Amino acid sequence: MKVLLATCLFLSATFLPAQIMKAGQWRGVIHYSDADIPFILELGYPNGEVPELTIVNGSERRVISNVRMENDSMIIPLDPFDVEIRTAFSSMKMEGVYRKYYRDLSIPFSASFGKPRMTKTSPRPSPVIEEKWAVTFSPGSSDLSKGVGMFKQRGNTVTGTIMTQVSDYRYFEGILDGDSIKLSSFDGAHAFGFFGVKTENGWQGEMIYDDGYSESWEAVYDADAELENPFEMVGVEPGTHKPYYDLLGAGEGPNAIDPTKYEGQILIIQLFGTWCPNSLDQTNYLVKWYEKNKERGVSILASSFEANYSQEYGLSRLEKYREVNKIPYDLVLGGRLSKTGAAMPFPFMKRIEAFPTLVILDKQGYVRYVHSYFNGPATGDYYQTFDQRFNEIIDALLAE
């Protein structure tokens, strides 16, 4: 009886604390020093004692089923990124830290049960917004850059994304509050805020990227707003350039890649980082695409460029990335995170514009196309346009 009682007490101390937390919607917050970035967590117990969490951003649902309980804390891994949330908890509260291990960074985190992502506070009616915006970041400065905002409004609720030439900002969600717009996004690797006010000519505000890192923006409605085509930003003359394979795998050593295994095939080279959500979106696309097309004479080689770099760290990140994403094609370690470094295997480029970048080689091993940034699934029709053009290019190269 004493042994049975002790066992029951042990099980209670080990597992039952998880059941304290109420199932349902929670409002999570990443607390930067000068801004709070809210998001929604849905918490449930589909498999018993340990909770399953779902991060909600607009139409995106990211399920986290490998939550761990350690003593009085809950650990929420945000795979495949080297990031997690560690938090104490009660029935209706969480208090902890959001840890980015690849940057050795800790940011306060909290969550409350039953609260909405954002709450309208202004009594004034909100404007009806148009769906497409021409956005200028850092207007009037040498860092000026362009973006295209695509938003949908349902009452006071707004969802959408912003495309830029360093890829899209994925899934935003928020509200119109009087003459203000308040949007946020949390994808595990980044917590973004897009805040602004209506002006006489359009909108203006601030984009929050990280703790202490923000940028001003201005926007006007423009149904014709577009960015430069990512397939056309870098031109290359057919039959002139082959990659330096020793540089593509430089993080592992000069013989990390055997170029002969790709002879006579179409080779798609992805320059990416395991820390990058846009790279993950593209990786998910390539994994599915490769499974359908691998018997057609095509190969994929993905070369990663990592933050907080060391060879040991980079190789461990690639191993985890392959496991989580079930990647069936070749992965190599390119080196340290650097747009200049990522371009070194291709002497016709001084730097790449964005992670991820695709470089497509013909059957003779020459570079034929460069795709300079990625419009992911949050961009809707633009994502479909990429899919169509990518397949057209591969089909044409295979037919040569």
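The values are calculated or read from the model by the stated rules, or taken from the named source; none is laboratory data. Given the structure is predicted, the values throughout are model-derived calculations rather than measurements. Reconstructed Cβ throughout: ideal geometry from the backbone, glycine too, with neighbour counts over all protein chains shown. The accessibility values were calculated without ligands, DNA or RNA, using every heavy atom of the protein model including side chains. Shrake-Rupley method; radii C 1.70, N 1.55, O 1.52, S 1.80 Å.
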Quiz prompt | Once the Cα gyration tensor of the chain is diagonalised, semi-axes √(5λ) in Å | solution = 38, 31, 18
Quiz prompt | 3J(HN,Hα) from dihedral phi, region 367-375, Karplus parametrisation 6.51/-1.76/1.60, rounded to Hz, x for glycine, proline | solution = 5, 10, 9, 10, 10, 8, 7, 10, 8
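So with the 1.4 Å probe, I'd like the accessible area per residue for region 195-240, rounded to whole Å². Walk me through the numbers before you get to the answer.
Details: 2630 Å² over 46 residues.
Per residue, region 195-240 has 57 Å² of solvent-accessible surface.
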Quiz item: region 243-289 to region 324-400: how many Å between their Cα centroids?
Solution: 9 Å
Exercise. Could you look at the chain and say what percent of its accessible area is carbon and sulfur, using a 1.4 Å probe and all protein chains?
Key: 50 percent
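Would you mind getting the Kirkwood hydrodynamic radius of region 151-222 from its Cα pairs, rounded to one decimal in Å?
Values: mean 1/r = 0.0789 Å⁻¹.
After inverting the mean inverse Cα-Cα distance, the result is 12.7 Å.
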Quiz item: What is the dipole size for the chain, taken about its Cα centre, with +1 at each Lys and Arg Cβ and -1 at each Asp and Glu Cβ, in debye to the nearest 20?
Solution: 1020 debye
Quiz item: Along the three principal axes, how long is region 142-295 when you take its alpha carbons, biggest first, rounded to the nearest angstrom?
Solution: 62, 34, 33
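Just from its helices, what would the mean residue ellipticity at 222 nm be for the chain, if runs of 4 or more DSSP H residues each count -39500 (n - 2.57) and the sum is divided by every residue, rounded to the nearest 500 deg cm²/dmol? Walk me through the intermediate numbers first.
On the way: 7 runs with 78 residues, N = 400.
For the chain, the value works out to -6000 deg cm²/dmol.
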Quiz item: How do 59-69, 110-120 rank on mean C-beta neighbours within 10 Å, highest first?
Solution: 110-120, 59-69
Quiz item: Hey, which aspartates and glutamates would be in cross-link range of Lys198, C-alpha to C-alpha under 19 Å, not counting anything within fewer than 8 residues on its own chain?
Solution: Glu130, Glu131, Glu173, Asp177, Asp179, Glu206, Glu215, Glu218, Asp222
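Label region 242-400 by shape, choosing from rounded, prolate and oblate, from the square roots a ≥ b ≥ c of the eigenvalues of the Cα gyration tensor; if a/c is under 1.5 it is rounded, and otherwise prolate applies when a/b is larger than b/c, oblate when it is not.
Numbers: a/c = 1.44, a/b = 1.19, b/c = 1.22.
Judged from the Cα gyration tensor, region 242-400 comes out rounded (a/c under 1.5).
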Quiz item: Where the centroid of each part is defined by its Cα atoms, how far is region 159-200 from region 36-50 in Å?
Solution: 22 Å
Quiz item: With θ set to phi - 60° and the Karplus curve 6.51 cos²θ - 1.76 cosθ + 1.60, what are the ³J(HN,Hα) couplings of region 106-117 in order, to the nearest whole Hz, using x for Gly and Pro?
Solution: 10, 10, x, 9, 8, 8, 10, 6, x, 9, x, 4
Practice problem: For each pair in Lys132/Lys182; Lys93/Lys320; Lys242/Lys363; Lys294/Lys363; Lys93/Lys152; Lys120/Lys182, compute the distance between the two Cα atoms and list the pairs where it is over 20 Å. | Solution: Lys93/Lys320; Lys93/Lys152
Self-check item: Positive-pole candidate from Tyr171, Val298, Ser90, dipole of the chain, charges at beta carbon
Solution: Ser90
Quiz prompt | For the chain: relative contact order, % (alpha-carbon pairs under 8 angstrom, 6 or more apart) | solution = 14 percent
